[in-house]
């Protein structure tokens, strides 16, 4: 629900400014406004001037901004660990931190640069691992010998092997050894053994033919080929050990110094928040004036805290919000515990304007009902209820998943209730269950038209409620023409609904005549209040109502799938096979029964319902408060 907001001005002597800001920030309920328009009469604005920091305070601000940047630079080098709480008073160690932060940054930065260099070298060596695995057996095949050199190349396919063999044979006049092995990705690894005197010539020709020799890192590049293989593997082992040592050292440093830097950083941030907020404050020769917005229920608490702290020297004055300020009032939303989880569905929407409505309670009321009407099965509802309880246990600390579990918990309860009303349990009809037979009101698999009429009736009620809320919203905004247009739309929609109902159960002639006259009279009024596009609006409303037929259609599809599963189980001729087959179909149906009602129930709110009365475009309430 949208919290009522108050326009508030805080006044006090200049020497108490930072102390007052500290108290306001501690409460975290006041949004400071830099703009004075609306808080002070236009002719009086010249008497106020922005608060400018004195030389001492400005120096302090620059010092803390520099210290914060240096701490952040150090933090970028440290691993992300769960930090224990520091019991040091941050203000007492700020000077010490400022003295040692550069030394610590140099130390950790050096370790990180060394780690990055080793990581790059390891990546380069690892890229050669596949080739090394292929070259090792080739080297054993070629054998070691005095005055021999080894050249390893990688060919894209086996088709290039023969041309390369002929090329090397012509260059060396047969004085070479040539062995191959399959490499990664369909490549072919070739090890060429030639006399040392011919090795340079062979390499030059390979470069001309764009057949690159396998390149190894500089640390092993100058070694003889047999030693390259052994050295590369040894180097990988050494790098892993050194990287482990560096990581342990960084973690040890973070565990020792991290809590201290964390608490100092938070204190510095809070101090800077105080110093920078003064830019949005105005003053006269003697007093400061803090203007802003806060929730109306918290005004008395703020007044009591400031009076108690400063012995009446600071005044909290509540002003009347002007009509032209209504669209600028920041929006704070607070809901009772039942509705709070449903904010998961409304957080994705833009904020409503101050004089509009929070959509959360409407989703909290109608979403579970629509979900239950669509699913409407005792067995499925019990399974989803059990799943919701498991989710609540597993995701107690993850807000979105916890909220989703609570929504599922409520919705599954409605599915169970409607399951009793429909007489359904895993698709079984009321005739197969004595308790369901007693509670069954309507068997929807055999009552398609009554269920369609029921769904459309729900649509009429829901859309009419939306139009009525839009009527009240327009009335509050004193939009006379919009108010009349909403009223005519409601009356015309109700008359058309009554006439449609009379096709199935005729009304007495006087009643039908009255309805016809009312419709004929409403049409010119609709054009007069809504303009030439008004008929499109009423057609849109009728289309929205028809859209509620999805409640019947999707629910009926779920019943049919469940019944198919039950019949399929009986047709297999084997109890175990039938149970498995029916269970799989029911499992698919439960998945559809979870997502399909959710999507369509939300669509009925987002598309058909909310556009009738919610006006978006609100500004989020962002109180001045501590960062942690």
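Some notes on this structure:
- Segment 155-179, subset under 60 Å from the mean Cα position of the chain (by Cα) and part of a helix (DSSP H, G or I), residue nearest to residue 206 (Cα to Cα): 164
- Only one of the numbered conditions (1) modelled with pLDDT of 70 or more; (2) under 30 Å from residue 333 (Cα atoms) is violated by residue 36, and that is (1).
- Selection count where residues are surrounded by 15 or more Cβ atoms within 10 Å (Cβ to Cβ) and more than 30 Å from the chain's Cα centre (by Cα), scope segment 247-257: 4
- Test result for residue 337, modelled with pLDDT of 90 or more and in contact with a strand residue (DSSP E or B) (Cβ under 8 Å, 6 or more places away or on another chain): no
- Taking segment 1-25 as the range and being more than 23 Å from residue 285 (Cβ to Cβ) and in a helix (DSSP H, G or I) as the test, the residues that pass are 22, 23, 25.
- One residue from 121, 159 being over 19 Å from residue 246 (Cα atoms) and at pLDDT below 85: 159
- Criterion (surrounded by 19 or more Cβ atoms within 10 Å (Cβ to Cβ), touching a helix residue (DSSP H, G or I) at 6+ places or on another chain (Cβ under 8 Å) and at negative phi) met by exactly one of 278, 260, 284: 278
- When segment 601-628 is filtered for residues that are crowded, with 20+ Cβ neighbours inside 10 Å and in a helix (DSSP H, G or I), the ones remaining, listed by number, are 601, 604, 605, 608, 609, 610, 612.
- Among the criteria (1) outside any strand (DSSP E or B); (2) at pLDDT 75 or above, the one residue 56 does not fulfil is (2).
Rundown of residues vs (1) surrounded by 19 or more Cβ atoms within 10 Å (Cβ to Cβ); (2) in contact with a helix residue (DSSP H, G or I) (Cβ under 6 Å, 6 or more places away or on another chain), yes/no style:
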{"site": "372", "(1), (2)": "yes, yes"}
{"site": "375", "(1), (2)": "yes, yes"}
{"site": "382", "(1), (2)": "no, no"}
{"site": "392", "(1), (2)": "no, yes"}
{"site": "395", "(1), (2)": "no, yes"}
{"site": "405", "(1), (2)": "yes, yes"}
{"site": "408", "(1), (2)": "yes, yes"}
{"site": "413", "(1), (2)": "no, no"}
{"site": "416", "(1), (2)": "yes, yes"}
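- Each residue in segment 441-479 was checked for being in contact (Cβ under 8 Å) with a residue 12 or more places away in the chain, outside any loop (DSSP other than H, G, I, E, B) and under 30 Å from residue 427 (Cβ atoms), and 11 of them qualify.
- The set of residues in segment 293-330 that are under 30 Å from the mean Cα position of the chain (by Cα) and either on the phi > 0 side of the Ramachandran plot or part of a loop (DSSP other than H, G, I, E, B) (or both) contains only 329.
- Among all residues of segment 372-379, there is at least one that is under 18 Å from residue 597 (Cβ atoms), in a loop (DSSP other than H, G, I, E, B), touching a strand residue (DSSP E or B) at 6+ places or on another chain (Cβ under 9 Å) and touching a residue at least 60 places away in the same chain (Cβ under 8 Å).
- Restricting segment 355-371 to residues that are assigned to a loop (DSSP other than H, G, I, E, B) and out of contact with any strand residue (DSSP E or B) (no Cβ under 6 Å at 6 or more places or on another chain) leaves a set whose member that is farthest from residue 466 (Cα to Cα) is 355.
- Qualifying residue in segment 349-361 (condition: within 30 Å of residue 381 (Cβ to Cβ), free of Cβ contacts under 8 Å to residues at least 40 places away in the same chain and under 26 Å from the mean Cα position of the chain (by Cα)): no
- The number of residues in segment 588-600 being surrounded by fewer than 14 Cβ atoms within 10 Å (Cβ to Cβ) and in contact with a helix residue (DSSP H, G or I) (Cβ under 9 Å, 6 or more places away or on another chain) comes to 1.
- Unique match (being under 21 Å from the mean Cα position of the chain (by Cα), more than 25 Å from residue 584 (Cα to Cα) and either touching a residue at least 40 places away in the same chain (Cβ under 8 Å) or in a helix (DSSP H, G or I) (or both)) among 401, 421: 401
- Applying the criterion of being without any contact (Cβ under 8 Å) to a residue 40 or more places away in the chain and not in a helix (DSSP H, G or I) to the residues of segment 86-109, the residue that is surrounded by the fewest Cβ atoms within 10 Å (Cβ to Cβ) is 87.
The values are calculated or read from the model by the stated rules, or taken from the named source; none is laboratory data. Remember, it's a predicted structure, so these values are computed and weren't measured experimentally. Please note: Cβ atoms are built from the backbone with ideal geometry, for glycine as well, and neighbour counts cover all protein chains shown.
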